[in-house]
Amino acid sequence: MLSDVAIRKAKARVKAYRMADGRGLYLLVTPAGGKLWRFKYRFQKQEKLMALGKYPDVPLLDAREAHSAARRLLATGIDPMALRKQEKTALASAHGHSFRTVALEWWDHWRTGKSERHAVTTKTRLEDNVFPTLGARPIQAIEAPELVAMVKAIEKRGALDVARRAFQTTGQIFRYAIAHGLARRNPAADIRPTDLLKPSETVNFARIEANDLPKLLQDIREYRGEATTRLAMDLMALTFLRTSELILAPWNEIDFEAERWDIPAARMKMKTPHIVPLSRQAIEILKALKLLTGHTGKLFPGADPLKHMSNNTILFALYRMGYKGEMTGHGFRGLAATILNEHDFNSEHVDLQLAHMKRNTVSAAYNHAKYLKQRAHMMQWWADYLDEQRAKAVVRDGTSQLASAEV
């Protein structure tokens, strides 16, 4: 058995010589004074020589540990040199494969059999929440703490469900990468969402009180960001659609002549068709919007015309307007439901317009148009109500306030 003292004292000779440590492990001392660890073994009757590094970069104890690991592989019928070569090949193949590149390959593979709405939503979630943090990183270099930081950053925005789904999707991408030799392990495998995220609570999405609605509506009217973002907030208030149902809409769903918006089942959360009767105000906004985006085929294209507006655009606009933690795009749905019910509209009409009711596949084609006349009346009343509420706000020194007489 070798010792550190004996290794340090070993001098170069005219010819290379070996200093044995046992069981095939030895130190090769070269004429130039180099000291190289070698493991000599036989696999399937063939003699092989495995390099284990250079002393003192690899000290005696580390060389023995590497030697023991190689012997354990041999005992299970695995050639340690062949395994090392495979790992190097996998790493070389994965080098330059960013997380984003692999994630898009996964998405293209995974989307088969999924609805277009589900596929687009998943891709958008990656682009908005995961790629900014992990997208440019080599996938094989990503470690668990990076996933934790990414998920916690999403959670801080109050998007708990998005954080959970982003984490789950990331784990699927790593499994795909491992299967295709682009990563060696899944850093999400040893973590559960409950280790990172607060327990889910049954809570309503943040929304203002009804008496704050006039100021919000006037703040939206005065919004100084992108015109399409302002129009999106106006339309969300008028139609109280879910964010994805609004921003992923194509223009061919809008029927100006019939004054209705027909959304196919594939784009709806409840997987049934949905009709939005369009008020006069909604028609006016859609006509203005069409002048801006009608050439794209999408109501709300993104910065890249091939993509849709981000599902965070409306939320972040509300943040900039001072409503962080107080209002979300989804909050318009809650406000509409509360106010319409308080004004004695039929609760079934309200629920149908909110697309809360899940219908079976047989009745879906009929029920989505149920009470359409009454719902059209309700939607026009709602649009007129919003106009009345906005009129209660007055502008003083560039700040929207409630007129004192109306408080």
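Counting only residues that are free of Cβ contacts under 8 Å to residues at least 60 places away in the same chain and buried (at least 19 other Cβ atoms within 10 Å of the Cβ), which one in segment 272-298 is nearest to residue 384 (Cα to Cα)? My answer is 285.
Could you check segment 125-155 and list, in sequence order, the residues that are touching a Gly at 6+ places or on another chain (Cβ under 9 Å) and either over 22 Å from residue 192 (Cβ atoms) or loosely packed, with under 15 Cβ neighbours inside 10 Å (or both)? Of everything in segment 125-155, those that are touching a Gly at 6+ places or on another chain (Cβ under 9 Å) and either over 22 Å from residue 192 (Cβ atoms) or loosely packed, with under 15 Cβ neighbours inside 10 Å (or both) turn out to be 127, 138. Contact map, segment 207-228: residues that are assigned by TED's automatic domain parsing to the domain that holds residue 316 and in a helix (DSSP H, G or I) paired with residues that are surrounded by 15 or more Cβ atoms within 10 Å (Cβ to Cβ) and basic (Lys, Arg), Cβ distance under 7 Å, separation 6+ or inter-chain. Pairs shown: 214/390; 214/392; 217/390; 218/390; 220/230; 221/390.
Rundown of residues vs (1) assigned by TED's automatic domain parsing to the domain that holds residue 323; (2) polar (S, T, N, Q); (3) touching a residue at least 60 places away in the same chain (Cβ under 8 Å), yes/no style:
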site	(1), (2), (3)
111	no, no, no
121	no, yes, yes
145	no, no, no
161	no, no, no
167	no, no, no
181	no, no, yes
185	no, no, no
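Does segment 354-361 contain at least one residue that is crowded, with 20+ Cβ neighbours inside 10 Å and at pLDDT 85 or above? No, segment 354-361 contains no residue that is crowded, with 20+ Cβ neighbours inside 10 Å and at pLDDT 85 or above. Of the residues in segment 140-161, how many are more than 30 Å from residue 331 (Cα to Cα), in a helix (DSSP H, G or I) and either of a type in the set (A, V, I, L, M, F, W, C) or touching a Phe, Trp or Tyr at 6+ places or on another chain (Cβ under 6 Å) (or both)? Residues flagged as more than 30 Å from residue 331 (Cα to Cα), in a helix (DSSP H, G or I) and either of a type in the set (A, V, I, L, M, F, W, C) or touching a Phe, Trp or Tyr at 6+ places or on another chain (Cβ under 6 Å) (or both) within segment 140-161 amount to 2. Starting from residues that are aliphatic (A, V, I, L, M) and surrounded by fewer than 20 Cβ atoms within 10 Å (Cβ to Cβ), keep the ones in segment 336-349 and report whichever is modelled with the lowest pLDDT. Once the filter is applied, the top-ranked residue is 337. The set of residues in segment 253-286 that are at pLDDT below 90, in a loop (DSSP other than H, G, I, E, B) and among the aliphatic types (A, V, I, L, M) comprises 268, 270.
The values are calculated or read from the model by the stated rules, or taken from the named source; none is laboratory data. Everything numeric here is computed off the predicted structure, so don't read it as measured data. No Cβ is skipped: glycine too gets one built from the backbone with ideal geometry, and neighbour counts run over all protein chains shown.
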